[in-house]
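**Student:** Quick one: the structure is below, and I'll ask about it shortly.
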Amino acid sequence: MVQGLKFTQPLYQQIYDIIKKSILSGQLKPGEKVNVSHLAEKYNISRTPLREALRQLQIEGLLVQDQLGLSIVKLDETDFKDLYETRIMLEPQIMGLVLKAITEEQLNCIEEILERAEDAFLEGNHLLLLEWNAKFHDRLLDASPNRRAVHLLKQVRSFLLLYRANILKNNEHNREILKEHSQILHALKARDEIAVYQSAENHLRNDLERGMNMICE
């Protein structure tokens, strides 16, 4: 059994976490083919938990299937732009609903998440920063009363995960994103509907620009 696997989690979940981290860190490159036999041998596991882990990564958009088999999703300019424009259409509207429903307790929790994100930034741990940034948005969405809209948005955000991971490899981008998240939180705390909408849209449009610059480099 591969070193580091634990008995407290299902095996497929542990393999999923390992492969996902390899993709987001760049150890597995966009477009690289996934050799199931090699992975089963590398981690000394049967095909069943491995296939379940790979299936979950397909659902999240990190792996794609074609006639040649599984491969790591490629960074594609058109796909990225389409996904982010969809997010821009959905997320500011959902934030308007969040503003009306979010509690002070939830806002305090989100503020703590931002503090953890800032710590990860100072440590230079971009994968941990990615996790805390994702939790920032997830906790905001938890306050939305429209679960259907949230489900759609989470699907879009899932397909953008690899792009977001690559954006966060740039420290200046990290600094900008943390500032934008802080502006969103400040607008929510002030219960300022216009500022909430504008800060959410501004953050997403900046992310779109950051991502397009990253893909075109």
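**Student:** Sum -39500 (n - 2.57) across every DSSP H segment of at least 4 residues in the chain, then divide by the residue count to get the 222 nm mean residue ellipticity, nearest 500. Mind dumping the intermediate values first?
**Tutor:** Values: 10 runs with 161 residues, N = 217.
When only DSSP H runs of four or more count, the value is -24500 deg cm²/dmol.
**Student:** So how tilted is helix 126-142 from the main axis of the chain? Cα-based, degrees 0 to 90, rounded to 10.
**Tutor:** With both axes taken from Cα atoms, the answer is about 60 degrees.
**Student:** With the full set of protein chains in place, find how many percent of the accessible area of the range 1-96 is carbon and sulfur; take the probe as 1.4 Å.
**Tutor:** Numbers: 2840 of 5610 Å².
The computed percentage sits at 51.
**Student:** To continue, here is another question. Give, as a single signed number, the net charge of other residues whose beta carbon lies under 15 Å from the beta carbon of Ser46, with Lys and Arg counted +1 and Asp and Glu -1. Please report the intermediate quantities before stating the final value.
**Tutor:** On the way: positive: Lys42, Arg47, Arg51, Arg55; negative: Glu41, Glu52.
Charge balance in the 15 Å sphere: +2.
**Student:** Calculate, in nm to one decimal, what Asn170 and Asn206 gain on full extension: separation in residues at 0.36 nm each, minus their alpha carbon distance.
**Tutor:** Extra length available between Asn170 and Asn206 comes to 11.6 nm.
**Student:** Okay, next question. Just to be sure I understand, if you calculate Kirkwood radius over Cα pairs in Å for this structure, which of (1) 20.2; (2) 18.5; (3) 18.0 do you get?
**Tutor:** Structure-derived value, by its label: (2).
**Student:** Identify which of Asn206, Asn171, Asn44 has the largest mean-square fluctuation in a Gaussian network model of the chain, with springs joining Cα atoms closer than 10 Å.
**Tutor:** Sorting by GNM fluctuation, first place goes to Asn44.
**Student:** From the cross-link list Lys74/Lys189; Lys33/Lys179; Lys154/Lys189, which pairs have alpha carbons spaced over 30 Å apart?
**Tutor:** Numbers: Lys74/Lys189 39 Å; Lys33/Lys179 37 Å; Lys154/Lys189 23 Å.
Violating the 30 Å Cα-Cα cut-off are Lys74/Lys189; Lys33/Lys179.
**Student:** Follow-up. Sort Arg51, Arg148 by accessible area with a 1.4 Å probe, largest first. The partial results should precede the final answer.
**Tutor:** On the way: Arg51 135, Arg148 200 Å².
Ranked from most to least accessible, the order is Arg148, Arg51.
**Student:** If each residue of separation counts as 0.36 nm, what is the full-extension length gain between Asn44 and Ile59 once their alpha-carbon separation is subtracted?
**Tutor:** Details: separation 15, 0.36 × 15 = 5.40 nm, distance 2.40 nm.
Going from the current span to full extension adds 3.0 nm.
**Student:** What is the spin-label model distance, in nm, from Asp138 to Glu104 if the labels are put 7 Å beyond Cα along the C-beta direction?
**Tutor:** Each label point is offset 7 Å from its Cα along the Cβ direction, giving 2.7 nm.
The values are calculated or read from the model by the stated rules, or taken from the named source; none is laboratory data. Computed from a prediction, not measured in an experiment: that's the story for all the values here. Quick reminder, even Gly has a Cβ in these numbers, built from the backbone with ideal geometry, and neighbours come from all protein chains shown. Accessible surface areas use protein heavy atoms only, side chains included; no ligands, DNA or RNA. Shrake-Rupley method; radii C 1.70, N 1.55, O 1.52, S 1.80 Å.
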